[in-house]
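Worksheet: one structure, shown below.
The values are calculated or read from the model by the stated rules, or taken from the named source; none is laboratory data. Since the model is a prediction, treat every value here as computed from it, not as a measurement. Ideal geometry is used to build each Cβ from the backbone, glycine not excepted, and the neighbour counts take in all protein chains shown. Calculation scope for accessible area: heavy atoms of the full protein, side chains included, ligands and nucleic acids excluded. Shrake-Rupley method; radii C 1.70, N 1.55, O 1.52, S 1.80 Å.
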Amino acid sequence: MKALVDFYATESDKNNQDCYVEIFRPDIKLDVYFGDKLGMQARDVQDMIRQYKAFGAAKVSFHMNGQQNVDFVDETHATGTCYALATLVTEQDGKDVLTTHAVRYYDKYVKIDGRWWIAEREQHFEWSTNQALG
């Protein structure tokens, strides 16, 4: 499961949302929260990809995963929590702005034909900061 969340972070840094079809089940259930407010939902991977692309690409991004806890329900099901920091450089009013997000992912995994997938994800943006760059 660590490989799935790390691949997600690495490819997100490359602005390669199309790779999400290799990580998430076609019928992914995704809920994204900003603080305690639901801000985005998707119920299939293609809709998820469309919505993430709509946010637009950062000039530079850096996703760093921290600890991950995984609990196996049985041989083909597991749950997990992953902690991450996502830093993005975007341009606002002609100036570069650094945004840092503290993110927590609550995932449900399923193993199909010997391969693990993310079947459900609750993504929580716990806090965010912005600062102008030099």
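Annotation note: Cβ proximity below 8 Å between a residue of region 121-134 that is in contact (Cβ under 8 Å) with a residue 12 or more places away in the chain and a residue that is open to solvent by 80 Å² or more (accessible area, probe 1.4 Å) and of a type in the set (D, E, K, R) (sequence gap 6+ or interchain) occurs for Arg121/Lys29; Arg121/Lys108; Ala132/Lys95; Leu133/Lys95. Scanning region 67-110 for residues being among the basic types (Lys, Arg) and crowded, with 16+ Cβ neighbours inside 10 Å gives a total of 1.
Identify all residues within region 11-41 that are in a helix (DSSP H, G or I) and open to solvent by less than 70 Å² (accessible area, probe 1.4 Å); write none if there are none. Steps first, please.
So the first thing to find is which residues in region 11-41 are in a helix (DSSP H, G or I), and the list is 11-13, 17-22.
Those that are in a helix (DSSP H, G or I) and open to solvent by less than 70 Å² (accessible area, probe 1.4 Å): Glu11, Ser12, Asp13, Gln17, Cys19, Tyr20, Val21.
Just to be sure before I move on: is Ala132 modelled with pLDDT of 95 or more and touching a strand residue (DSSP E or B) at 6+ places or on another chain (Cβ under 8 Å) in the structure I sent? If you could, list the steps in order and put the result at the bottom.
Values: modelled with pLDDT of 95 or more: no; touching a strand residue (DSSP E or B) at 6+ places or on another chain (Cβ under 8 Å): yes.
No; evaluated as a whole, the condition is false for this residue.
Once region 42-66 is narrowed to residues that are free of Cβ contacts under 8 Å to residues at least 40 places away in the same chain, in a loop (DSSP other than H, G, I, E, B) and at negative phi, the residue that is least open to solvent (accessible area, probe 1.4 Å) is Asp44. Does any residue of region 10-26 turn out to be without any contact (Cβ under 8 Å) to a residue 12 or more places away in the chain and hydrophobic (A, V, I, L, M, F, W, C)? The answer is no; no qualifying residue exists.
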